[in-house]
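K.L.:
Questions regarding the structure given below will be posed in turn.
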Amino acid sequence: MNVLIVENHVPFMEGGAERHAENLKKALTQMGHTVEILRIPFKSYPIENLIKQAFIARIMDLEEVTGRKVDLLITMRFPNYYIDHPNKVVWLIHPYKGAHELWDRPYLDLPRNPSGYAVREFILQMDRKHLKNAKKLFVVSKTMNERIKKYLGLEGEVLYHPPPNTENLHCKEYQNFIFFPSRISPLKRHYLAIEAMKYVRSNIKLVVCGRPDSPWILEEFLQRLRGLEDRVVYLGEVSDEEKIDLYSRCLAVLFPTAEEDYGYVALEAMFSKKAVITCIDSGGPTEFIEDGITGFVVQPTPTDIAQAIDRLAQNPQMAMQMGERAYQKVLSMNLSWKQVVEKILEEL
């Protein structure tokens, strides 16, 4: 079968979605299919660009390419699921978040003016129409399913998948630091983690790594670190090998993200036998982390996060036990790419 995965491409940025597409391609290829990823340049600002991006998707003809039939089209993000194809499967990572769950949040990127309202309504109408027309609609999490129910009146089938490098994640020891691996972005809420360290009483450090979304976001992040250099260590962007090593050695993982669609960080921590501190509004990670069992699910405040860090720092044995339970939990979920592919191709 000739399979085409359509994915966005934002220059100089790489996150979970890009790896998601690559891993799906690898899994389909291993099962004997011919697979390509079509990466469409994406820029979301100014807001008029959102309409232009939607138009690009609508005019694309991908039923065949250079005489070769495209048997299956898989899309995962806005606006690529607007593309018409007789055999289109959507595995929704996320729609345009600013028109959905972030519309009522402080991370709003659509202005509250006539233009912003009009663009939002356009996106919601297009989402309803073209997600509904997909041959199959999968979602990456229960969190995502609840969102499309709320904003679009639609429902998909939840399809979990393993994070990258699952086979290499392991636990070496439990050293005296909390690990926060994530790109530096407002939605990941590094400011909560940094502020929390001002209230942490224990002698423990926070180690942060990740590429910033932009130079000005990095500048703001570094400004927040001033005066806390003895408590917070920023490593910048690290290799996969370095990140896996940090997972293997940390006491626990902190991930206070807002409205996460899935949350590789939580799953990677669980495969590394580490407890996770996340927040009640963190989205996807709350589906995997049980408060007081495999980590802590706390209010998104610096003091609540600090208290959770102190509880683990003052009782490393509890951190180890939570980490072991987290590992058993993620094993019981039977996450595999083979299972994902079989589900996507079922009855096609």
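The values are calculated or read from the model by the stated rules, or taken from the named source; none is laboratory data. Quick caveat: nothing in here was measured; it's all calculated off a predicted structure. Neighbour counts are summed over all protein chains in view; Cβ atoms, including those assigned to glycine, are modelled from backbone coordinates with ideal geometry.
K.L.:
Output the qualifying pairs, or none if there are none: Cβ atoms under 7 angstrom, residues six or more apart or on different chains, first residue in the range 29-58 and closer than 23 Å to Leu345 by Cα, second residue surrounded by fewer than 16 Cβ atoms within 10 Å (Cβ to Cβ) and hydroxyl-bearing (Ser, Thr, Tyr).
P.N.:
The qualifying pairs are Val35/Thr29.
K.L.:
Of everything in the range 312-332 that's in contact (Cβ under 8 Å) with a residue 60 or more places away in the chain and out of contact with any helix residue (DSSP H, G or I) (no Cβ under 9 Å at 6 or more places or on another chain), which residue is surrounded by the fewest Cβ atoms within 10 Å (Cβ to Cβ)?
P.N.:
Step one: list which residues in the range 312-332 are in contact (Cβ under 8 Å) with a residue 60 or more places away in the chain, which gives 312-314, 316, 319-320, 322-323, 327, 330.
Cutting the leftovers down to out of contact with any helix residue (DSSP H, G or I) (no Cβ under 9 Å at 6 or more places or on another chain) gives us 314, 316, 320.
Details: Gln314: 12, Pro316: 14, Met320: 19.
Selected residue: Gln314.
K.L.:
Separate question: Name the single residue, out of those in the range 25-42 being of a type in the set (Lys, Arg) and part of a helix (DSSP H, G or I), that is surrounded by the fewest Cβ atoms within 10 Å (Cβ to Cβ).
P.N.:
Lys26
K.L.:
Anything in the range 171-183 that is in contact with a helix residue (DSSP H, G or I) (Cβ under 7 Å, 6 or more places away or on another chain) and either surrounded by 22 or more Cβ atoms within 10 Å (Cβ to Cβ) or modelled with pLDDT under 95 (or both)? List them, or say none.
P.N.:
Listed by number, the residues that qualify are Ile178, Phe179, Phe180, Pro181, Ser182.
K.L.:
If I go through the range 84-143 residue by residue, how many of them are not in a helix (DSSP H, G or I) and not small (Gly, Ala, Ser)?
P.N.:
34
Rundown of residues vs (1) at pLDDT below 95; (2) farther than 14 Å from Phe177 by Cβ, yes/no style:
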residue	(1), (2)
Val233	no, no
Cys250	no, no
Pro256	no, yes
Asp261	yes, yes
Met270	no, yes
Val276	no, yes
Ser282	no, yes
Pro285	no, yes
Gly292	no, yes
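K.L.:
When the range 233-263 is examined, which residues are found to be free of Cβ contacts under 8 Å to residues at least 60 places away in the same chain, out of contact with any Phe, Trp or Tyr (no Cβ under 9 Å at 6 or more places or on another chain) and not charged (D, E, K, R)?
P.N.:
Listed by number, the residues that qualify are Leu235, Gly236, Val238, Ser239.
K.L.:
Within the range 11-24, identify whether any single residue is surrounded by 21 or more Cβ atoms within 10 Å (Cβ to Cβ) and basic (Lys, Arg), and answer yes or no.
P.N.:
no
K.L.:
Let me spell it out: the conditions are (1) closer than 21 Å to Asp261 by Cβ; (2) in contact with a Ser or Thr (Cβ under 8 Å, 6 or more places away or on another chain); (3) not β-branched (Val, Ile, Thr), and Asp291 meets all of them except one. Which number is the exception?
P.N.:
Of the numbered conditions (1) closer than 21 Å to Asp261 by Cβ; (2) in contact with a Ser or Thr (Cβ under 8 Å, 6 or more places away or on another chain); (3) not β-branched (Val, Ile, Thr), the odd one out for Asp291 is (2).
K.L.:
Oh, and also: Please pick out the residue among Leu246, Leu251 that is more than 21 Å from the chain's Cα centre (by Cα), aliphatic (A, V, I, L, M), surrounded by 15 or more Cβ atoms within 10 Å (Cβ to Cβ) and closer than 28 Å to Gly323 by Cα.
P.N.:
From the options Leu246, Leu251, the qualifying one is Leu251.
K.L.:
Give me the pairs: first residue in the range 273-298 and more than 11 Å from Arg325 (Cα to Cα), second residue of a type in the set (Asp, Glu) and in a loop (DSSP other than H, G, I, E, B), beta-carbon distance under 8 Å, and six or more apart or on different chains, which are they?
P.N.:
Partner pairs satisfying both residue conditions: Asp281/Glu259; Ser282/Glu259; Gly283/Glu259; Gly283/Asp261; Gly284/Asp261; Val297/Glu290.
K.L.:
(1) under 30 Å from Leu137 (Cβ atoms); (2) over 23 Å from the mean Cα position of the chain (by Cα); (3) among the hydrophobic types (A, V, I, L, M, F, W, C); (4) assigned to a helix (DSSP H, G or I): which one isn't true of Leu331, the others all being true?
P.N.:
Result: Leu331 passes all but (2).
K.L.:
Any residue that is assigned by TED's automatic domain parsing to the domain that holds Val340, over 23 Å from Lys135 (Cβ atoms) and outside any strand (DSSP E or B) - is there at least one of those in the range 73-82?
P.N.:
Checked against the condition, which is being assigned by TED's automatic domain parsing to the domain that holds Val340, over 23 Å from Lys135 (Cβ atoms) and outside any strand (DSSP E or B), the range 73-82 yields no hits at all.
K.L.:
Looking only at the range 124-170, how many residues end up being at positive phi and modelled with pLDDT under 95?
P.N.:
1
K.L.:
Out of the residues in the range 184-210 that are modelled with pLDDT under 95 and surrounded by fewer than 19 Cβ atoms within 10 Å (Cβ to Cβ), which is nearest to Ile280 (Cα to Cα)?
P.N.:
Leu187
K.L.:
Can you find a residue in the range 43-55 that is in the same structural domain as Lys136 (by TED's automatic domain parsing), crowded, with 19+ Cβ neighbours inside 10 Å, part of a strand (DSSP E or B) and modelled with pLDDT of 95 or more?
P.N.:
Within the range 43-55 (the criterion being in the same structural domain as Lys136 (by TED's automatic domain parsing), crowded, with 19+ Cβ neighbours inside 10 Å, part of a strand (DSSP E or B) and modelled with pLDDT of 95 or more), the answer is no, since none of the residues qualifies.
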